[in-house]
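Chemist: Quick one: this structure, given as structure tokens, is what I'll be asking you about.
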Amino acid sequence: MLDNAAVESRREFVREVTKLKLWYAWRLQKHDGLDFETAAATRVGIRELTVFGGNRDHVNPEDTAGWCRVLDELGALYGGHSADTTSKAIEDEGLALLWPHLTPCFEHDAAETTRWVAGSFGCFKYEYRSFYAEPDSADHLTLHVRNAYQPDSPFQHVPEMARSLQEIAACAAQERPDVACVQCATWLNSLPPFAKLFPPSWTDTSLPGAPGNHTGWWGQFMNRRGGFHARNAREFRSTARFPYEHRMCRCPISDLQEHLRGLASSA
């Protein structure tokens, strides 16, 4: 049965991160000359939160025309407030415009997180794909991350996270012995407790990710409960810089395994 607290956390997150994204699009327009449609598509990722997101087959899957209508309305809203010196009206009116397209997704998205964790290795899932910075490179063991321990912080469960990584490395050795490197692209690579799960070669090869509209950047505004991370958002609004940079890291799988054995022996 779906936890009501999870749905309420999702509601809080979507409401507040939508306002934050509307503010950021306003700021990009004001200071960088980026029109709203471009900002929405490449930097803030509003569509993914709505019923028009392509991964939601229960309502309006890939309804391009429907999303275009919403986008036109939002564009007109930004045009009507182009002289405003604050983003308050855009945030309030933009959220009201988007809300009917956001609310049907709360339960679905909370349930999807539960399903993701049920099919994961703790906080991690994996696939095989080329290095993010080199699309034609050999396949890498590629990690994806979510908090499997809500409402705890995952960093209250570092031994479990390390064991999950060991299990994934063992699976990869069986499935794809030809794959030599592991990679992950996320804002978490800028967070020391996460980086400590990996060997020095992980951070030594770190590369900045391109600006984007995905959770590799925006995931830092979700707190450990799945709600909104207000402190990170306040810093973002104050500086107009993401508190944590999205970074691409990789290392040999053998380095990771050796590092994890060291963590286990010192625990």
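The values are calculated or read from the model by the stated rules, or taken from the named source; none is laboratory data. Keep in mind that what you see is a predicted model, and the values were worked out from it rather than measured. In this analysis, Cβ positions are derived from the backbone assuming ideal geometry, glycine residues included, and neighbour counts consider all displayed protein chains.
Chemist: Check segment 209-226 and report whether any residue there is over 13 Å from Arg247 (Cβ atoms), of a type in the set (Lys, Arg) and not assigned by TED's automatic domain parsing to the domain that holds Arg129.
Modeler: yes
Chemist: Condition check: under 22 Å from Glu134 (Cβ atoms) and of a type in the set (A, V, I, L, M, F, W, C). Does Ala240 satisfy that?
Modeler: no
Chemist: Here's another thing I want to ask about it. Which of the residues spanning segment 84-98 are under 11 Å from Lys19 (Cα atoms) and exposed (fewer than 15 other Cβ atoms within 10 Å of the Cβ)? Full working, then the answer.
Modeler: So the first thing to find is which residues in segment 84-98 are under 11 Å from Lys19 (Cα atoms), and the list is 87-96, 98.
Answer for segment 84-98, where residues must be under 11 Å from Lys19 (Cα atoms) and exposed (fewer than 15 other Cβ atoms within 10 Å of the Cβ): Lys88, Ala89, Asp92, Ala96.
Chemist: For segment 81-103, enumerate the residues that are assigned to a helix (DSSP H, G or I) and either touching a Lys or Arg at 6+ places or on another chain (Cβ under 7 Å) or at pLDDT below 95 (or both).
Modeler: Matches in segment 81-103: Glu91, Leu95.
Chemist: Ala39 passes all but one of (1) farther than 25 Å from Phe236 by Cβ; (2) at pLDDT below 95; which number fails?
Modeler: Of everything listed in (1) farther than 25 Å from Phe236 by Cβ; (2) at pLDDT below 95, Ala39 misses just condition (1).
Chemist: Please work out if Asp178 is free of Cβ contacts under 8 Å to residues at least 24 places away in the same chain, touching a strand residue (DSSP E or B) at 6+ places or on another chain (Cβ under 9 Å), surrounded by fewer than 17 Cβ atoms within 10 Å (Cβ to Cβ) and farther than 19 Å from Arg11 by Cβ.
Modeler: Numbers: free of Cβ contacts under 8 Å to residues at least 24 places away in the same chain: no; touching a strand residue (DSSP E or B) at 6+ places or on another chain (Cβ under 9 Å): yes; surrounded by fewer than 17 Cβ atoms within 10 Å (Cβ to Cβ): yes; farther than 19 Å from Arg11 by Cβ: yes.
No; evaluated as a whole, the condition is false for this residue.
Chemist: Give segment 18-36 a look and list any residue that's of a type in the set (D, E, K, R) and under 22 Å from Phe106 (Cβ atoms), or say none.
Modeler: Within segment 18-36, Lys19, Lys21 meet the criteria.
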